[in-house]
Amino acid sequence: QVQLVESGGGLVQAGGSLRLSCAASGRTFSSGAMGWFRQAPGKEREFVAAISWSGAAIYYGDSVKGRFTISRDNAKNTVYLQMNSLKPEDTAVYYCAARPYGFGARLDEYDYWGQGTQVTVSS
């Protein structure tokens, strides 16, 4: 099993920045990918960003390209999401997820999920 714990969420004004962290523990793997997803009230969970285990492959959802940056520190088993130029529409619960194989944006291909961290962007 893999346990994922997100942190770093909070309340920020539009145009501000936040950095989310996702610490992984338990089973570790040397392939696959980790991703960030988000879910706003009344909406479906959507893909935000993903990074392969090596960091060589990175992919962003269209709504966050150019504003968010995903990175990872394998020595710390931690993935980060730097969020800049935040907008009110970025308000959501942000979830970290992990998959032991492959790479991509599909929710159903991620096996492990964190509890989520709330991000609220005020206008």
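The values are calculated or read from the model by the stated rules, or taken from the named source; none is laboratory data. These numbers come from a predicted model, not from an experiment. Cβ sites come from the backbone with ideal geometry, for glycine too, and all protein chains shown count toward neighbours. With ligands, DNA and RNA removed, areas are computed over all heavy atoms of the protein, side chains included. Shrake-Rupley method; radii C 1.70, N 1.55, O 1.52, S 1.80 Å.
Say R0 is 30 Å: what FRET efficiency, to the nearest 0.05, do Asn77 and Ser123 get from their beta-carbon distance?
E between Asn77 and Ser123, to the nearest 0.05, is 0.25.
Based on C-alpha coordinates, I'd like the Rg and Dmax of the chain, in Å.
13.4, 41
With +1 assigned to the C-beta of every Lys and Arg and -1 to the C-beta of every Asp and Glu, and no other charges, what is the dipole magnitude of the chain about the Cα centre in debye, to the nearest 20? List each step's numbers first, then the result.
On the way: 12 positive and 10 negative charges, 43 e Å.
That gives the chain a dipole magnitude of about 200 debye.
How high is the FRET efficiency from Gln13 to Ile58, r the C-beta distance, R0 30 Å, rounded to 0.05?
On the way: r = 27 Å, r/R0 = 0.91.
Here the calculated transfer efficiency is 0.65.
Rg and Dmax in Å for segment 11-67, alpha carbons only: what are they?
In Å, with Rg to one decimal and Dmax whole: 13.6, 38.
Go ahead and set up a Gaussian network model of the chain, Cα springs under 10 Å, then flag whichever of Phe29, Phe103, Phe47 fluctuates most.
Per the Cα network of the chain with a 10 Å cutoff, Phe29 tops the list.
Can you give the local net charge around Ala49? Use residues other than it whose beta-carbon is closer than 12 angstrom to its beta-carbon, Lys and Arg +1, Asp and Glu -1. Intermediate values should be presented prior to the final figure.
Numbers: positive: Arg38, Lys65, Arg67, Arg72; negative: Glu46, Asp62.
Once positives and negatives cancel, what remains is +2.
Please find, in a Gaussian network model of the chain (springs between Cα atoms separated by less than 10 Å), the residue of Gly102, Gly42, Gly61 whose mean-square fluctuation is greatest.
With Cα springs under 10 Å in the chain, the top fluctuation among Gly102, Gly42, Gly61 is at Gly42.
Would you mind checking which residues have amide H under 5 Å from Thr91's amide H? H placed 1.01 Å from N; only 5 or more apart, or other chain.
Val121
For Gln3, what residues show an amide H to amide H distance below 5 Å, using hydrogens built from the backbone and excluding near sequence neighbours?
Hits under the 5 Å cutoff: Ser25, Gly26, Arg27.
Given the options Pro41, Pro88, Pro100, which has the most mean-square fluctuation in a GNM of the chain, springs set between C-alpha atoms less than 10 angstrom apart?
It is Pro41.
Counting other Cβ atoms within 10 Å, keep those with at most 11, restrict to DSSP loop, and tell me which trypsin sites (Lys or Arg not before Pro) in segment 42-123 are left.
Lys43, Lys65, Lys76, Arg106
For segment 54-123, what number results from the quotient of the Cα radius of gyration and 2.2 N^0.38 Å?
Details: Rg = 13.0 Å, N = 70, 2.2 N^0.38 = 11.1 Å.
Taking N as the residue count of segment 54-123, the ratio is 1.17.
Rounded to the nearest whole Å², what accessible area per residue is found for the chain with the 1.4 Å probe? Intermediate results must be reported in sequence, preceding the final value.
Numbers: 6220 Å² over 123 residues.
Accessible area per residue, the chain: 51 Å².
Pick out, from Phe103, Ala92, Leu20, the residue whose Cα sits farthest towards the positive end of the charge dipole of the chain, with +1 on the Cβ of Lys and Arg and -1 on the Cβ of Asp and Glu.
Farthest towards the positive pole: Leu20.
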